[in-house]
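*Asks:* The structure under discussion is supplied below as structure tokens; questions concerning it will follow.
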Amino acid sequence: MKILIKNGRMIDPANQIDAIQDILVENGIITSVAAAINTEAEDIIDASGLLITPGLVDIHTHLRDPGQEYKEDIISGTRAAAAGGITSLACMPNTSPVNDSLAITKYIIAKAKEEGSANVFPIACISKGMKGEVLAEMGELKEGGCVGFSDDGVPVSNGELMRRAFEYADTFAMPIISHAEDLSLVGTGCMNEGSVATELGLKGIPWVAEDAATAREIMLAEFTGGRLHVCHVSTKGSVDLVRQGKARGVRVSCEATPHHFTLTDEAVRGYNTNAKMNPPLRSQEDVDAIHAGLADGTIDAIATDHAPHHYDEKNVEFAAAMNGIIGLESLLPLSLKLVEDGVVNMNQVISLLTDRPARIIGIDRGTLSVGAVADITLIDPQLEWEFALEGLHSKSKNTPFSGWKMKGAAVRTLLAGKTVFERSL
Ligand code: DOR
Ligand code: ZN
Ligand code: ZN
């Protein structure tokens, strides 16, 4: 099977290519990239006016499978990913049961392979049962196909356990992926601490809850020589700490989510539970700092923290609502908005969505090199559309972006040369 993609603007940051190029795909592999390829092919795609990018890589997704399939499952979650232009995702282990065993890891990989619309790379727990007491069997989990370790959702409070986690994971060349919050400082807070929380009469979560935990993680990575990836940085202080850590040579990377770089805690007004997540939406000063971190390379990746929840789990009083929002299908337009707003350029944003995240979890994806698997996203950067709940592929609809006017969308997503999503225009 031969597919020829013609006349698109190919952006492949890993190979420093940004040019009008044709791409030839044969049997799921990219076999040629050149200014003009003229050959017979079963499928010839005219990509004039479109961007051709590596399939997007989201290193932070909650697929809820096994155990909470009423929120999402591997089939619906990877369909939503494909619709968002994402061809590879890493899924967090806070499922039910949690992914601290070879059995769960193998189940996820097998189901995704058989029925999924995207590549799925499991992240396994740091601690058994995600209880923060005993380390998981890291060696065996790596053998099974996991790409990192995280207790995302439940920060590891015990510093000694975290020290051992860094040391042990590093012997397998694996990153520790940290949800950095000091739970004693979070307390019963349910949104950012500040004037909006005061006005709404809601208990706040101060920035120091995140910064203090981020500082500990960076110091433990520095002390042990292990590798740290910090999830969803939301504060100015966290961005600064990662920047300083990198400058000292600490092996640290971090990600930012579209919601944390697009919204502030103002979005909570009206007690909007679709603006409730951990860490919470912060102040404009924090958003500006995340923008600066994206621009200067301190932030390595844009990740969704796609966290589907059922309507009934959100349609309750603010303090009682579950944390998190869906993100797979809004990732691309909200990221492209950074270009529109002059925060980063097109090559930077594509790199934040492809080769840089792929490198963090050590997968051979995120580029359009000759010889690579043909995971390719065709993007119309000019397409204006409304983000409507009815059009979503995810089982859950918990998003603060409902009704937003978006610009830019994936129009076709190829997974190993197979079209897994095509947008009806
Ligand atoms: O908002 C969040 N939702 N933060 C987390 O850390 C966990 C996630 C979830 O699993 O719903
Ligand atoms: Zn988290
Ligand atoms: Zn998460």
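The values are calculated or read from the model by the stated rules, or taken from the named source; none is laboratory data. All of these numbers come straight from a predicted model, not from anything done at the bench. Reconstructed Cβ throughout: ideal geometry from the backbone, glycine too, with neighbour counts over all protein chains shown. Protein only, heavy atoms only, side chains kept; ligands, DNA and RNA dropped before computing areas. Shrake-Rupley method; radii C 1.70, N 1.55, O 1.52, S 1.80 Å.
*Asks:* If the reach is capped at under 18 angstrom between alpha carbons, list the lysines near LYS236, excluding any in the same chain fewer than eight residues apart.
*Replies:* The qualifying lysines are LYS246.
*Asks:* Return the sequence-ordered ³J(HN,Hα) values of segment 30-42 in whole Hz as given by the Karplus equation 6.51 cos²θ - 1.76 cosθ + 1.60 applied to θ = phi - 60°, using x for Gly and Pro.
*Replies:* 6, 10, 7, 9, 7, 4, 8, 10, 10, 8, 5, 7, 5
*Asks:* Cα-based Rg of the chain per 2.2 N^0.38 Å, rounded to two decimals?
*Replies:* Numbers: Rg = 20.5 Å, N = 425, 2.2 N^0.38 = 21.9 Å.
Relative to the rule-of-thumb radius for its length, the chain sits at 0.93.
*Asks:* A further question follows. Got a sec to turn the phi values of segment 89-94 into Karplus ³J(HN,Hα) couplings, 6.51 cos²θ - 1.76 cosθ + 1.60 with θ = phi - 60°, whole Hz, x for Gly and Pro?
*Replies:* After applying 6.51 cos²θ - 1.76 cosθ + 1.60, I find 9, 9, 10, 6, x, 7 Hz.
*Asks:* Tilt of helix 331-340 relative to the longest C-alpha principal axis of the chain, in degrees (0 to 90, nearest 10)?
*Replies:* On a 0 to 90 degree scale, this one is about 80.
*Asks:* Subtract the Cα-Cα distance of PHE223 and ASP296 from 0.36 nm times their separation in residues, and report this length gain in nm to one decimal.
*Replies:* Working: separation 73, 0.36 × 73 = 26.28 nm, distance 2.57 nm.
Additional length available on full extension: 23.7 nm.
*Asks:* Separation of segment 286-302 and segment 1-62 by C-alpha centroid, Å?
*Replies:* 28
*Asks:* Given the DSSP H assignment, sum -39500 (n - 2.57) over each helix run of at least 4 residues in the chain and divide by its residue total; what's the result at 222 nm in deg cm²/dmol, nearest 500? Provide the component values of the computation, followed by the final result.
*Replies:* On the way: 14 runs with 130 residues, N = 425.
After summing the helix terms and dividing by the residues of the chain, the value is -8500 deg cm²/dmol.
*Asks:* Tell me, in nm to one decimal, what length is gained between ASN27 and GLU317 on full extension, where the rule is 0.36 nm per residue of separation less the Cα-Cα distance?
*Replies:* Details: separation 290, 0.36 × 290 = 104.40 nm, distance 5.24 nm.
Stretched fully, the ASN27-GLU317 segment lengthens by 99.2 nm.
*Asks:* Carbon and sulfur: what percent of segment 288-425's accessible surface (1.4 Å probe)? Walk me through the intermediate numbers first.
*Replies:* Numbers: 2630 of 5310 Å².
Here it works out to 50 percent.
*Asks:* Kindly list the residues of segment 244-265 that lie in the label zone of GLU199, defined by a backbone N under 12 Å from the point 7 Å along the Cα-to-C-beta vector.
*Replies:* 265
*Asks:* Taking the simple approach of a point 7 Å from Cα along Cα-to-Cβ for both LEU389 and GLN16, what is their distance in nm?
*Replies:* 4.8
*Asks:* At a temperature of 25 °C and a viscosity of 0.890 mPa s, determine how fast segment 184-318 diffuses translationally according to Stokes-Einstein, using the Kirkwood radius over alpha-carbon pairs as Rh; express D in µm²/s, rounded to the nearest whole number. Walk me through the numbers on the way to the answer.
*Replies:* Working: Rh = 15.4 Å.
D, rounded to a whole number, is 159 µm²/s.
*Asks:* If you keep only loop residues by DSSP, which trypsin sites (Lys or Arg not before Pro) in segment 56-158 have at most 14 other Cβ atoms within 10 Å of their Cβ? Before the final figure, lay out the partial values.
*Replies:* Values: sites: ARG64, LYS71, ARG79, LYS106, LYS111, LYS113, LYS128, LYS131, LYS142; in loops: ARG64, LYS71, LYS131.
Passing sites in segment 56-158 are LYS131.
*Asks:* Would you please give the residues with an amide H less than 5 Å from that of HIS229, counting only those at least 5 places away or on a separate chain, with H modeled from the backbone geometry?
*Replies:* ILE176, ILE177, SER178, SER253
*Asks:* Skip the ligands, DNA and RNA, and give the accessible area per residue of the chain with a 1.4 Å probe, whole Å².
*Replies:* 37
*Asks:* Using θ = phi - 60° and the Karplus relation 6.51 cos²θ - 1.76 cosθ + 1.60, list the HN-Hα couplings for segment 296-309 in order, rounded to whole Hz, with x at every Gly or Pro.
*Replies:* 9, x, 4, 8, 8, 8, 9, 10, 7, 6, 3, 10, x, 9
*Asks:* With 18 Å as the limit, write out which pairs from LYS395/LYS418; LYS2/LYS418; LYS71/LYS113 have Cα-Cα distances beyond it, or answer none. All intermediate terms of the calculation are to be shown ahead of the outcome.
*Replies:* Numbers: LYS395/LYS418 24 Å; LYS2/LYS418 11 Å; LYS71/LYS113 21 Å.
Among LYS395/LYS418; LYS2/LYS418; LYS71/LYS113, the Cα-Cα distance tops 18 Å for LYS395/LYS418; LYS71/LYS113.
*Asks:* Please list 144-153, 349-358, 378-387 highest first by mean number of surrounding beta-carbon atoms within 10 Å per residue.
*Replies:* On the way: 144-153: 23.3, 349-358: 25.2, 378-387: 16.8.
Final packing ranking: 349-358, 144-153, 378-387.
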